[in-house]
Structure formats: structure tokens, C-alpha cells
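Participant: Before I ask anything, let me first share the structure, which is written out below as C-alpha cells.
The values are calculated or read from the model by the stated rules, or taken from the named source; none is laboratory data. All values reported here derive from a predicted model rather than from experimental measurement. Positions of Cβ are generated from backbone atoms using ideal geometry, with glycine treated the same way; all protein chains shown enter the neighbour counts.
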Amino acid sequence: MHAMTPADARLFDLPPEVIYLNTCGAGPRLHAVNAAAQRALSSSAHAGSARPDDDPRAPVEALRQRTAETLGTEADALAYCPSVSYGMSTAARNLTVAAGQNVVVVDREHPSNHMAWQHACAEAAAQLRTARRGNDDDWTAAVIRQMDARTAVVCVPQAHWIDGTLLDLERIGRAARAVGAALVIDASQSLGLLPMAFETVQPDFVIAPGHKWLLGAYGLGWLWAAPKWRAHGQPLECSIAARQADGDFAALRHLPPYREGARRFDFGAHAHPIAVPMALAAITQMQQWGLTALRTRVAALITHLEARLAQRGLADGLVPGHAPHFCAWVPPPARLEDVTAAVRDAGCIVARRAGALRIAPYLHIDEAQLDHLVDTLARSV
């Protein structure tokens with residue numbers, strides 16, 4: 001762990017003229033991650049260079065262990081999944097929803113989360129309930145109001161993908177347990193920055209991609225499973241990768257048992273020869289920074305952004321209750337197109353979501369670049 005310095009910005013492979021503020025969409029790429037990809041690609045082009053005694057699972061397990069250490073959990077709790085939609089489908093397969101029951105989700109949720117529960121409810125003749133934030137801007141209260149004795153599953157994000165508004169997972173977890181509902185968390189916009197209190201929240205499943213706040217590659221994300229699902233859960237695939245079947249596959253006569261813990265949920269192509277080294281390089285760098293120092297620095301950037309918006313009379317556009325690491329600013333609707341174009345022309349990469357500009361910096365960003373963004377907003381409204 002070390003203090004953040006301007007030198008950390010040089011670790012990222014970004015054009016100097018670009019102010020990249022879309023970590024929510026894809027994390028900024030580290031030079032070390034690109035280098036790992038190049039080495040892996042070169043190695044995979046020379047398959048004969050692998051020794052017969054090389055263990056193909058060694059880097060897979062090293063990545064699982066380092067990710068678990070970084071996230072504050074145990075390696076046996078983590079499974080590889082190729083996407084959030086795959087992880088959500090895995091959760092939906094294991095969490096029974098019966099006719100007449102309901103599943104609670106939040107309004108304007110990402111399709112990767114939402115569609116698995118739409119499908120589950122349609123299959124079971126169950127109700128999909130959407131929690132809509134009221135005038136109090138309290139997502140947590142809105143979710144709890146939708147729960148009742150017939151709630152089978154509650155599926156919520158830790159931070160809403162559109163505007164960064166936070167949900168209180170501990171309150172939601174207590175409320176879900178009180179009605180006997182399972183809890184699934186979409187941590188797409190938080191895992192890698194915000195802490196996850198697994199033991200206190202007591203979720204059944206937590207799912208996140210690896211290419212956003214974990215700075216890894218597309219197609220390699222994570223599913224955290226509660227202990228009962230590690231012991232008895234059913235994966236989506238019948239894959240040899242999730243089974244205890246080392247050695248001569250041709251000699252298999254019986255279905256081997258699952259590997260230990262959440263490994264039963266590992267998808268078949270998880271030992272990707274390029275994506276795994278990329279993710280390992282990313283998590284190694286994150287461990288060197290330390291999540292506390294990383295979180296502190298990114299939060300300081302958002303605090304600076306808020307102060308500058310207030311100085312320019314633009315604070316009313318900020319969506320309240322946002323996470324410490326990203327936020328959204330809403331321009332006057334009549335000016336949305338002009339503001340979006342001005343921001344783009346100023347070299348700032350943000351995401352436009354539901355009439356708002358989502359702003360998600362990382363360590364490559366400094367305060368002067370945020371000042372440039374705010375000055376652009378002030379000129380264009």
C-alpha cells in the first residue's frame with residue numbers, strides 16, 4: 001500500500017488529450033494489463049512451449065486467491081462467470097420462485113440484472129415488483145416497501161448504475177431475512193472500490209464483472225456464493241472445469257463430484273489464456289495501491305468535483321445520495337444535447353444515462369481535469 005501520487009496516472013494507457021471519466025462503463029486500461037495480454041497472446045501462439053507438467057489451473061487459482069484477499073472474502077466463495085447476466089441467471093436457477101410469489105427489483109435497473117428476474121417471474125407466474133424512488137430519494141425505503149410475506153427474492157445494486165445512488169445493503173438484508181426472501185446483489189458499480197460486508201449483509205449471491213472497477217478484461221467476472229450454495233448449488237453448465245476430474249478425461253466412467261466451494265459455478269471457459277493474466281495483473285496493482293487508499297483518492301476527486309460544481313452554481317444538477325466514487329449531473333433537459341456535445345468536444349469521456357451525465361473518475365484523473373469538465377458544463381448550460 002502506498003500514497004497516491006501523480007505518477008500513478010502514468011500507469012494507465014490513455015491518450016493524453018482524453019479525460020476519461022467512464023470507469024462505470026469500462027475501467028481505464030493499465031499498461032501492465034496490456035503487457036500481460038501481449039505476453040499471453042504470444043505464448044498462446046506457441047502452444048508447444050508449454051511443459052507437460054504445467055498446471056493450467058495455477059494462474060486461475062492465483063487470481064481467485066488474490067481477488068478474494070482484495071475483496072475481503074475467501075477463495076472458496078468465488079466463482080468465475082463470463083458476465084453479470086450469466087451470474088444472475090445462475091442465481092435465478094438456484095433461487096426458487098413459485099406462482100403467486102414476487103421478486104423485488106429497482107426501477108431502471110440494468111438489463112443484465114433485470115432480465116433474469118423477468119424471465120423467472122414469467123416462467124413461474126410470479127410478480128416482478130419494481131421499487132421506485134420517491135420524493136425522499138431513498139432507494140432503500142422504496143425497496144423495503146415492496147417486500148411482503150410472498151417475496152421470494154430481492155435483487156438490488158449496491159450503487160445504481162445510472163446515477164450512483166447508494167442503497168443500504170444492511171437494512172435491505174435485514175428486511176429480506178425478516179420476510180424469508182433471498183438477497184442477490186449486483187455489485188457491478190461497486191466491487192473493487194466499495195467494501196462489501198458479506199457477513200453482515202448476508203446475501204445469497206453477489207455478482208460483478210471484471211472489466212469495470214476491477215480493471216480487468218471483458219468476459220471474466222465474479223460470482224460470490226453464500227455457504228449453502230457452495231455446498232448444494234446447481235451451476236448453469238455441465239462443465240468439466242467445475243468438476244474434480246484431473247488426469248485422463250477419456251477414462252471417466254462416472255460423473256465426478258464438484259470442485260470445492262463456489263468452484264462448482266465456474267463457467268467452462270474461465271481458464272482463458274489471455275483474460276486471466278490480464279485480470280491477475282490488474283488485481284496485483286490494486287493490491288499494491290490498497291483498496292482503502294484507492295477509495296480515499298477517488299472519493300477525494302468526487303468531493304472536489306462537487307465543490308467546483310457548487311462554486312459555478314451547478315450543484316442543483318447533482319443527483320443526491322450518490323456513491324463516494326461516482327455521480328451523475330443532470331443538465332436542463334432543453335440543453336442536454338448541447339451540453340453532451342460540448343463535453344465531448346472538450347475531450348471528456350462521460351456516459352449519458354437517462355438524461356444525466358454519469359461521471360466516474362479513477363486514479364489517472366486529477367483535479368485540474370475535473371475543473372476543465374466543470375468549466376465546460378458552465379459554458380454550455
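Participant: From the list 10, 57, 51, pick out the single residue that is outside the structural domain of residue 230 (by TED's automatic domain parsing) and modelled with pLDDT under 95.
Facilitator: Within the list 10, 57, 51, the selection yields 10.
Participant: Hey, among 90, 96, which residue is closer than 17 Å to residue 179 by Cα, among the polar types (S, T, N, Q) and either touching a residue at least 24 places away in the same chain (Cβ under 8 Å) or in contact with an Asp or Glu (Cβ under 8 Å, 6 or more places away or on another chain) (or both)?
Facilitator: On inspection, the qualifying residue turns out to be 96.
Participant: Let me ask you something else. Residue pairs, Cβ under 6 Å, 6 or more apart or interchain, first in the stretch 30-41 and outside the structural domain of residue 273 (by TED's automatic domain parsing), second hydroxyl-bearing (Ser, Thr, Tyr). List them.
Facilitator: none
Participant: On to the next question. What are the residues in the stretch 134-160 that are surrounded by fewer than 19 Cβ atoms within 10 Å (Cβ to Cβ) and in a loop (DSSP other than H, G, I, E, B), if any?
Facilitator: Selection gives 134, 135, 136, 137, 138, 148, 149, 150.
Participant: Can you work out which of the residues in the stretch 218-236 that are crowded, with 24+ Cβ neighbours inside 10 Å and aliphatic (A, V, I, L, M) is farthest from the chain's Cα centre (by Cα)?
Facilitator: 225
Participant: May I ask you to list the residues in the stretch 323-381 that are among the charged types (D, E, K, R) and either in contact with a helix residue (DSSP H, G or I) (Cβ under 9 Å, 6 or more places away or on another chain) or without any contact (Cβ under 8 Å) to a residue 24 or more places away in the chain (or both)?
Facilitator: Within the stretch 323-381, 335, 337, 338, 344, 345, 352, 366, 367, 371, 375, 379 meet the criteria.
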